[in-house]
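*Asks:* My questions will all concern the structure given below.
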Amino acid sequence: MKASFISTLRLFKKHIARLITIIAIVIVSIGFMSGVGEVQPTIKKTINKHYKTYNVSDLYLKSKKPTGFSTEEIANIETMFGSENIIKTFCYEVEDDGKITRIYNYNLTAQKINKLEILEGRLPENANEVLVERATDLYEGAKVGDVISVKNPVGGTISCTVTGIVQNPLLMHRAEETSFINQDKNVSQVIYVSTDLPLIVNDVYVVFENRTLFDSFSDRYEERVEQAKQLVVTKLGDDNVSALSLFENFGLYSLNSYAEKIGMISIIFVVFFLLITLLVVYSTMSRLLDEERNQIACQKTLGYSSSKITGKYTFFVFVATLGGGLLAFGVGQLLTKMIYGAMCAHYDMPDYASSLNFGYYLFTFGIIMLATCLLTFATGMKIADKKPVTLLLPKTAKVGKKVLMERIPVLWNRLSFRYKSTFRNVFLFKSRFFMTVVSIIGSSVLLLAGMGLFDCAVGYKDAVSIVAIAMVIIVFSAALSALVIYNITNINVSERNREIATLMVLGYHEKEVTGYIFREVYIMAFIGALLGLPLGYVFLDFVFELINFGSIAQMNWWTWVLNPIITMFFTFLATLLLKNKIVKIDMNASLKSIE
Amino acid sequence: MAFLKLENVCKEYKSEAGAFKALTDVNFELENGEFVVILGPSGAGKTTLLNLLGGMDSATSGDIILDGLIISQLHKKELTNYRRTDVGFVFQFYNLMPNMTAKENVELATEICKDALDPASVLTDVGLGERLHNFPAQLSGGEQQRVSIARAIAKNPKILLCDEPTGALDYITGKNILRLLYDTSKKNNKLVIVVTHNQALKDMADRVISIKNGKIEKVYVNKKPIPIEEIEW
């Protein structure tokens with residue numbers, strides 16, 4: 001028991017760099033996946049909450065006649081939806097000094113539908129008191145206590161005192177509200193005047209009985225809305241009424257459709273991140289197991305069972321993914337909050353309350369931990385079940401195999417000796433080459449996609465939310481890319497310990513030794529970075545198509561140049577950081593024994 | 001002046017457990033073209049001595065002079081240059097590059113030497129003319145050790161250092177390898193130093209250095225070395 005504890009401890013100590021790298025990769029990956037994945041559920045919850053809290057109306061019926069709805073028409077509407085489910089208002093606009101003011105007249109004290117949120121002050125108590133919509137970039141606003149003159153639709157003016165500043169739940173988008181008396185202008189002030197019963201009723205707001213139907217623009221809700229619209233138009237006539245729904249409410253609906261776009265982007269990227277993470281963690285573990293062949297053989301000859309030996313390595317990856325996954329929780333929460341915050345720049349949304357959605361977090365955490373542990377155990381068992389004699393021999397490529405390039409003498413004979421050996425090392429181990437290049441391609445494709453989304457999103461005025469998500473994708477895929485390349489370089493150095501020592505004994509200088517090892521990393525990174533471009537093109541095309549936003553043509557041409565440069569720069573950084581690891585290798589210790 | 005001269009060479013290793021004297025006051029002189037055997041039990045300091053001679057480690061005090069060059073005073077970079085041009089190593093476990101053919105393994109060493117010999121002809125000399133394009137995994141242990149010897153010879157170094165070169169080989173193969181090393185010292189006129197714990201090998205050497213507890217026990221010359229084929233153990 002004690003011996004196995006010590007040997008497990010040694011394993012962790014020996015491969016501490018790899019342990020930390022896996023932890024870091026898992027933090028970045030799960031942090032990204034849960035952080036981005038939870039944005040859509042969080043926004044949908046917010047929209048639902050908004051809808052319920054303010055009892056937002058489902059339909060907005062607007063009379064097309066200047067005299068408003070007739071008594072008969074009102075009675076019809078009341079029959080259709082129930083009198084308790086509607087509010088009758090008189091809404092008009094006046095133009096003064098070129099500025100449009102919109103005035104709503106209805107019973108403000110009842111406040112049953114489209115409840116105004118009182119940000120300051122109180123409700124009016126008489127006809128000379130009014131409420132004013134809060135000041136934004138577009139609305140002028142006013143102060144509590146201000147006396148303003150409110151124009152009558154027929155011409156007269158009355159002085160009113162502002163008793164409160166409010167926020168209309170239907171005006172949650174911070175964008176222009178076009179005037180309906182002058183299509184070229186935007187409304188610059190909104191005033192609410194309390195009237196028990198407006199003389200003219202030209203706007204009627206309707207709520208559906210079933211408040212759960214909405215569910216952030218569900219399909220069933222859309223059906224119900226269409227049905228209700230049809231009913232209204234049939235009963236009242238197309239010439240008399242226009243029926244608008246929340247689907248035409250720019251604020252709420254655009255927020256919802258951005259949330260849906262983010263949701264789609266998240267799913268694509270979550271799947272991609274998940275696959276790359278699994279590949280990277282698994283290839284790290286399988287290469288670690290290969291390096292430990294001698295140790296495994298040793299323990300086998302001592303009589304340890306394959307499962308006991310493999311258990312130690314499985315525990316290693318379990319600890320790494322568990323540690324990374326736990327630390328990723330905070331990263332994910334912070335990320336969701338940040339993206340949510342960025343959306344708030346364009347929407348008046350309630351403050352972010354720590355989301356109680358853990359679906360993505362638990363799912364990605366679970367998958368990564370389970371899959372890497374199982375894969376490590378399976379690979380470990382495959383190795384441990386081999387005969388110790390086989391394990392003691394170094395793992396070499398299939399004997400006599402030549403790399404493809406050697407079959408093209410014109411090319412091969414022109415290469416200097418050093419490059420020949422480099423190319424052979426790069427291409428001879430197919431699975432190692434494949435896993436390395438694919439993980440580099442994967443992370444550079446992600447980075448390219450983030451950059452592409454960013455390029456397109458900055459072109460749109462309203463795409464703040466997509467800019468935010470693109471920036472997050474850029475930061476996280478760059479971090480992933482840097483970690484993946486560092487990890488690969490680190491493994492390469494560690495696997496080549498003995499060869500490095502041999503080169504040192506032969507009198508190779510530090511620069512020559514590091515060059516020998518790093519040349520391979522550079523070649524693989526270069527291949528990955530280049531292949532990342534066409535594959536990134538296909539991936540981006542798919543993403544743009546799916547989210548119905550942006551296009552390859554809208555991207556900057558230099559994004560395609562910058563992307564491989566970033567990959568190569570990360571490779572350069574990794575080699576810079578790992579140079580000392582090579583230089584510090586002890587020639588004697590590495591050469592004097594088999595292990 | 002002797003080709004290789006050691007004067008009061010000491011090597012001390014410091015660790016948490018305290019200082020450990022691996023070599024104390026080592027003095028001897030060797031001539032070019034000699035086949036020298038360094039004998040001693042495990043832990044006597046043989047490998048430490050070889051590391052100092054090969055420029056893989058530095059002495060704590062004392063002087064090591066090879067052909068006029070004071071190795072004990074070289075800095076890290078100069079030591080690398082020394083290993084590059086003046087030393088050929090042969091290890092117990094061959095230490096070949098697994099992804100390179102026999103010829104490429106030799107080329108790896110000759111590529112960086114000025115007066116290197118032709119890799120293919122050296123490999124032919126050690127009996128591997130037919131195996132130039134084989135990878136280590138396709139060669140037997142004895143053949144791999146021949147590649148490693150060819151790699152050391154092809155550098156055309158001043159000194160050939162062999163650390164238990166037959167330690168991983170069977171009896172007959174081991175003898176063949178020793179024959180090859182002996183011939184190298186004579187045909188190429190090289191100083192060949194073999195470190196071993198096999199007492200029987202002392203009879204084939206021109207000079208024998210026996211070492212115990214980090215100190216030289218005795219150094220003597222064999223007037224009539226016995227060919228390896230006639231030695232049994």
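*Asks:* If I take every Cα pair under 8 Å that is 6 or more residues apart in chain A, average their sequence separation and divide by the length, what percent do I get for the relative contact order?
*Replies:* 18 percent
*Asks:* So, one more: Under the definition of partner shielding as Cβ atoms of other protein chains within 10 Å of a residue Cβ, what is the mean value for peptide B:98-107?
*Replies:* 4
*Asks:* Counting only Cα atoms, I'd like the Rg/Rh figure for region B:1-131, Kirkwood definition for Rh.
*Replies:* 1.01
*Asks:* By per-residue mean of other Cβ atoms within 10 Å, what is the highest-first order of B:125-137, A:253-265? Before the final figure, lay out the partial values.
*Replies:* Working: B:125-137: 17.8, A:253-265: 19.3.
Highest mean packing first, the order is A:253-265, B:125-137.
*Asks:* Sticking with this one: Any idea of the accessible area per residue across region B:106-225, 1.4 Å probe, to the nearest Å²?
*Replies:* 42 Å²
*Asks:* Starting at 0 and stepping by 10 Å, how many percent of the alpha carbon pairs of chain A end up in each bin?
*Replies:* Computed distribution, short to long bins: 3, 14, 20, 18, 13, 10, 8, 7, 5, 2, 0.
*Asks:* Return the Rg/Rh ratio of region A:59-207 with Cα-based radii and a Kirkwood Rh.
*Replies:* Ratio of gyration radius to Kirkwood radius for region A:59-207: 0.94.
*Asks:* When N counts the residues of region A:486-541, how does its alpha-carbon radius of gyration compare numerically with 2.2 N^0.38 Å, as a ratio?
*Replies:* Rg over 2.2 N^0.38 Å, computed on Cα atoms: 1.52.
*Asks:* At 1.4 Å probe size, what's the solvent-accessible area of A:Leu275? Round to the nearest 10 Å².
*Replies:* 110 Å²
*Asks:* Sort A:Trp560, B:Trp233, A:Trp412 from largest to smallest accessible area, using a 1.4 Å probe on the heavy atoms of the protein chains.
*Replies:* B:Trp233, A:Trp560, A:Trp412
*Asks:* What is the helix-to-structure angle for A:2-14, meaning the angle in degrees between its Cα long axis and the longest Cα principal axis of chain A, kept from 0 to 90 and rounded to the nearest 10?
*Replies:* Between the helix axis and the principal axis of chain A, the angle is about 70 degrees.
*Asks:* Ok, one more. Let's see if you can work this out: charge +1 on each Lys and Arg Cβ, -1 on each Asp and Glu Cβ, no other charges. What is the dipole magnitude of region A:59-207 about its Cα centre, in debye to the nearest 20? Working shown, then result.
*Replies:* Details: 14 positive and 21 negative charges, 29 e Å.
Magnitude of the dipole: close to 140 debye.
*Asks:* Moving on. Starting from the eigenvalues of the Cα gyration tensor, five times each then square-rooted, give me the equivalent ellipsoid semi-axes of chain B, largest first, whole Å.
*Replies:* Result for chain B: semi-axes of 28, 21, 17 Å.
*Asks:* What lysines does A:Lys112 reach when the alpha-carbon gap must be under 28 Å and sequence neighbours fewer than 8 apart in one chain are set aside?
*Replies:* Leaving aside lysines fewer than 8 places away in the same chain, those within reach of A:Lys112 are A:Lys44, A:Lys45, A:Lys49, A:Lys52, A:Lys62, A:Lys64, A:Lys65, A:Lys88, A:Lys143, A:Lys151, A:Lys229, A:Lys235.
*Asks:* With a 1.4 Å probe and all protein chains in place, put A:Phe570, B:Phe20, A:Phe273 in order of accessible area, largest first.
*Replies:* The ranking, largest first, comes out as B:Phe20, A:Phe570, A:Phe273.
*Asks:* With angles folded into 0 to 90 degrees, how steeply does helix A:219-236 sit against the dominant principal axis of chain A? Use alpha carbons for both and round to 10.
*Replies:* 20 degrees
*Asks:* Suppose we keep just the alpha-carbon trace of region A:429-595; what are its Rg and Dmax in angstrom?
*Replies:* My reading of the Cα-based Rg and Dmax gives 19.5, 67 Å.
*Asks:* Count charges around A:Lys420 for me, please; just the other residues with Cβ under 12 Å from its Cβ, Lys/Arg as +1, Asp/Glu as -1.
*Replies:* Residues close to A:Lys420 contribute a combined charge of +2.
*Asks:* I need the phi-derived Karplus couplings for region A:466-473: 6.51 cos²θ - 1.76 cosθ + 1.60, θ = phi - 60°, integer Hz, Gly and Pro marked x.
*Replies:* 6, 4, 4, 5, 5, 5, 4, 4
*Asks:* Total Å² of accessible surface buried at the A-B contact, 1.4 Å probe, nearest 100?
*Replies:* That pair hides around 2900 Å² of surface in total.
*Asks:* Just need the relative contact order of region A:200-359 here, percent rounded to a whole number, with Cα pairs under 8 Å and 6+ apart.
*Replies:* Values: 32 pairs, mean separation 19.7, N = 160.
Averaging sequence separation for qualifying contacts and normalising by length gives 12 percent for region A:200-359.
*Asks:* Please tell me which of these pairs span more than 19 angstrom C-alpha to C-alpha: B:Lys202/B:Lys223; A:Lys402/B:Lys155; B:Lys77/B:Lys103?
*Replies:* Checking Cα-Cα distances, A:Lys402/B:Lys155; B:Lys77/B:Lys103 exceed 19 Å.
*Asks:* Here's something else I'd like to know. Which of the listed residues, B:Pro136, A:Leu374, A:Gln333, is farthest toward the dipole's positive end in the protein assembly as shown, when Lys, Arg count +1 and Asp, Glu count -1 at the beta-carbon?
*Replies:* Value computed over the given set: B:Pro136.
*Asks:* Here is a further query. Using only Cα atoms and rounding to the nearest 10 degrees, what angle (0 to 90) does helix B:141-154 make with the longest principal axis of chain B?
*Replies:* Taking the Cα atoms of chain B, the angle to B:141-154 is about 70 degrees.
*Asks:* Hey, another quick one. Other chains near A:494-502: what is the mean number of their Cβ atoms within 10 Å of each residue's Cβ?
*Replies:* 3
*Asks:* Tell me, what is the 1.4 Å probe accessible area of A:Glu95, in Å² to the nearest 10?
*Replies:* Counting only protein heavy atoms, A:Glu95 exposes about 80 Å² to solvent.
*Asks:* Extent of region A:236-298 along each principal axis, from alpha carbon coordinates, in Å, largest to smallest?
*Replies:* So the extents along the principal axes, rounded to whole Å, are 90, 18, 11.
*Asks:* Here's a follow-up. Given only helices, namely DSSP H runs of n ≥ 4 each adding -39500 (n - 2.57), what is the per-residue ellipticity at 222 nm of the protein assembly as shown, to the nearest 500 deg cm²/dmol?
*Replies:* Taken over the protein assembly as shown, the calculation gives -17000 deg cm²/dmol.
*Asks:* How large is the accessible surface of B:Asp203 in square angstrom, using a 1.4 angstrom probe and rounding to the nearest 10?
*Replies:* Roll a 1.4 Å probe over it and B:Asp203 shows about 60 Å².
*Asks:* For the pairs B:Lys14/B:Lys215; A:Lys300/A:Lys584; A:Lys2/B:Lys212; B:Lys46/B:Lys187; A:Lys584/B:Lys187; B:Lys46/B:Lys158, note any where the Cα-Cα span goes beyond 28 Å. Write out the running numbers ahead of the final one.
*Replies:* On the way: B:Lys14/B:Lys215 18 Å; A:Lys300/A:Lys584 32 Å; A:Lys2/B:Lys212 37 Å; B:Lys46/B:Lys187 26 Å; A:Lys584/B:Lys187 38 Å; B:Lys46/B:Lys158 20 Å.
Going by Cα-Cα distance, A:Lys300/A:Lys584; A:Lys2/B:Lys212; A:Lys584/B:Lys187 fall outside the 28 Å limit.
*Asks:* Nothing charged except the Cβ atoms of Lys and Arg (+1) and of Asp and Glu (-1): what's the magnitude of the dipole of chain A about its Cα centre? Round to the nearest 20 debye.
*Replies:* 5260 debye
*Asks:* On the protein heavy atoms, probe 1.4 angstrom, tell me the percent of accessible surface of region A:59-207 carried by carbon and sulfur. Spell out each step's value before the answer.
*Replies:* On the way: 3350 of 7040 Å².
On region A:59-207, the fraction of accessible area on carbon and sulfur atoms equals 48 percent.
*Asks:* Provide the packing ranking of A:322-329, A:80-87, i.e. peptides ordered by the mean count of other C-beta atoms within 10 Å per residue, highest first.
*Replies:* On the way: A:322-329: 19.4, A:80-87: 16.6.
The most tightly packed comes first, giving A:322-329, A:80-87.
The values are calculated or read from the model by the stated rules, or taken from the named source; none is laboratory data. The structure displayed is predicted, hence computed values, not measured ones. Because the Cβ atoms are built from the backbone with ideal geometry, glycine has one as well, and the counts that use them run over all protein chains shown. Just the protein is used for accessible areas: all its heavy atoms, side chains included, with ligands, DNA and RNA removed. Shrake-Rupley method; radii C 1.70, N 1.55, O 1.52, S 1.80 Å.
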